[in-house]
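Report on the structure given below.
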Amino acid sequence: MKIVVGLGNPGLKYEFTRHNIGFRIIDSLTQDIGIEFKKVKSYYSLISRGKVNNHKIMLAKPQTFMNLSGRAVSKIISYYKISFSDLLIVYDDLNLELGQIRIRKRGSAGGHKGMESIIQYLGNEDIPRLRVGIGGSLFNFNLDCVSYVLSGFEVEERKKVKGIITLSTEAIKSIIKNGFEKSMRKYNKKLGES
């Protein structure tokens, strides 16, 4: 079984913020394969189960708030006893432009509090992830990062957001079906590359 975890903050207040792009991508995937979420208190998460190309998958949206994402992920991992290679974390990344995605098998948290929490709880950086760009021309590194990631997308960005959600959904399905190497070659491109 593959477990795909989208990171975000629970509640309507945060639903359409930049920091919640991970949740939105997981929502898109559940709609795509026709499954629904249910709350599982023991995992501190909303959970959905289904199949992609005959591969069993579990989709999760931790309800712990971003900075405690590791608490939920560690509960799921320890219960199902899956290897890290069968886990995929989907989250926003300020260092990538809006419209870009990056698939990685491992790495540091890069300053992302949700990923920091997961690495801390699991005690390992060998955690596959899909980083989704939310940076770009509207972000100035002199600004307060927290205010930026908790803000909504501007009207002119929303078309790109729809595109990045669709692209990320396709990338996740590719990872499940074709594995990391093939998917990395296909999706880890700079904007404008074909």
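The values are calculated or read from the model by the stated rules, or taken from the named source; none is laboratory data. Nothing here was measured: the structure is a model prediction, and the numbers come from that model. In this analysis, Cβ positions are derived from the backbone assuming ideal geometry, glycine residues included, and neighbour counts consider all displayed protein chains.
Which residue is nearest to ILE134 (Cα to Cα), if the candidates are limited to the stretch 1-32 and must be of a type in the set (Lys, Arg) and out of contact with any strand residue (DSSP E or B) (no Cβ under 6 Å at 6 or more places or on another chain)?
ARG24
When you go through (1) out of contact with any helix residue (DSSP H, G or I) (no Cβ under 7 Å at 6 or more places or on another chain); (2) loosely packed, with under 14 Cβ neighbours inside 10 Å; (3) acidic (Asp, Glu) one by one for ASP126, which number turns out not to apply?
(1)
Can you find, within the stretch 34-61, the residue that is modelled with the lowest pLDDT among those that are of a type in the set (S, T, N, Q) and closer than 17 Å to ILE172 by Cα?
Step by step, filter the stretch 34-61, then rank; the result is ASN53.
Please state which one of LYS61, LYS75 is buried (at least 21 other Cβ atoms within 10 Å of the Cβ), closer than 17 Å to LEU7 by Cα and of a type in the set (Lys, Arg).
After ruling out the rest, the residue left standing is LYS61.
Quick one: which of ASN95, ASN124 is more than 14 Å from the chain's Cα centre (by Cα), assigned to a strand (DSSP E or B) and not hydrophobic (A, V, I, L, M, F, W, C)?
Just a single option satisfies the conditions, and that option is ASN95.
Hey, any hits in the stretch 82-92 for a residue that's surrounded by fewer than 18 Cβ atoms within 10 Å (Cβ to Cβ) and more than 16 Å from the chain's Cα centre (by Cα)?
So far as the stretch 82-92 goes, yes, one or more of its residues are surrounded by fewer than 18 Cβ atoms within 10 Å (Cβ to Cβ) and more than 16 Å from the chain's Cα centre (by Cα).
Within the stretch 56-75, is there a residue that is more than 23 Å from ASN20 (Cα to Cα) and without any contact (Cβ under 8 Å) to a residue 24 or more places away in the chain?
No, the stretch 56-75 contains no residue that is more than 23 Å from ASN20 (Cα to Cα) and without any contact (Cβ under 8 Å) to a residue 24 or more places away in the chain.
Somewhere in the stretch 94-115, is a residue farther than 14 Å from SER168 by Cβ and hydroxyl-bearing (Ser, Thr, Tyr)?
Yes; the residues of the stretch 94-115 include at least one that is farther than 14 Å from SER168 by Cβ and hydroxyl-bearing (Ser, Thr, Tyr).
Among the residues that make up the stretch 115-136, is at least one of them modelled with pLDDT under 90 and within 19 Å of GLY8 (Cβ to Cβ)?
Yes, because at least one residue in the stretch 115-136 is modelled with pLDDT under 90 and within 19 Å of GLY8 (Cβ to Cβ).
Working only within the stretch 1-55, note down all residues that are assigned to a loop (DSSP other than H, G, I, E, B) and free of Cβ contacts under 8 Å to residues at least 40 places away in the same chain.
Once the filter is applied, which keeps residues that are assigned to a loop (DSSP other than H, G, I, E, B) and free of Cβ contacts under 8 Å to residues at least 40 places away in the same chain, the stretch 1-55 yields GLY11, GLU15, GLY34, ILE35, GLU36, PHE37, TYR44, ASN54.
Does the stretch 105-117 hold any residues that are outside any loop (DSSP other than H, G, I, E, B) and free of Cβ contacts under 8 Å to residues at least 60 places away in the same chain, and which are they?
LYS113, GLU116, SER117
Can you tell me how many residues in the stretch 39-58 are surrounded by fewer than 18 Cβ atoms within 10 Å (Cβ to Cβ) and touching an Asp or Glu at 6+ places or on another chain (Cβ under 7 Å)?
Of the residues in that region, 0 qualify.
Out of the residues in the stretch 78-107 that are modelled with pLDDT under 95 and among the aliphatic types (A, V, I, L, M), which is nearest to ILE57 (Cα to Cα)?
ILE82
Filter the stretch 137-187 down to the residues that are of a type in the set (Phe, Trp, Tyr) and modelled with pLDDT of 90 or more and list them by number.
PHE153, PHE180, TYR187
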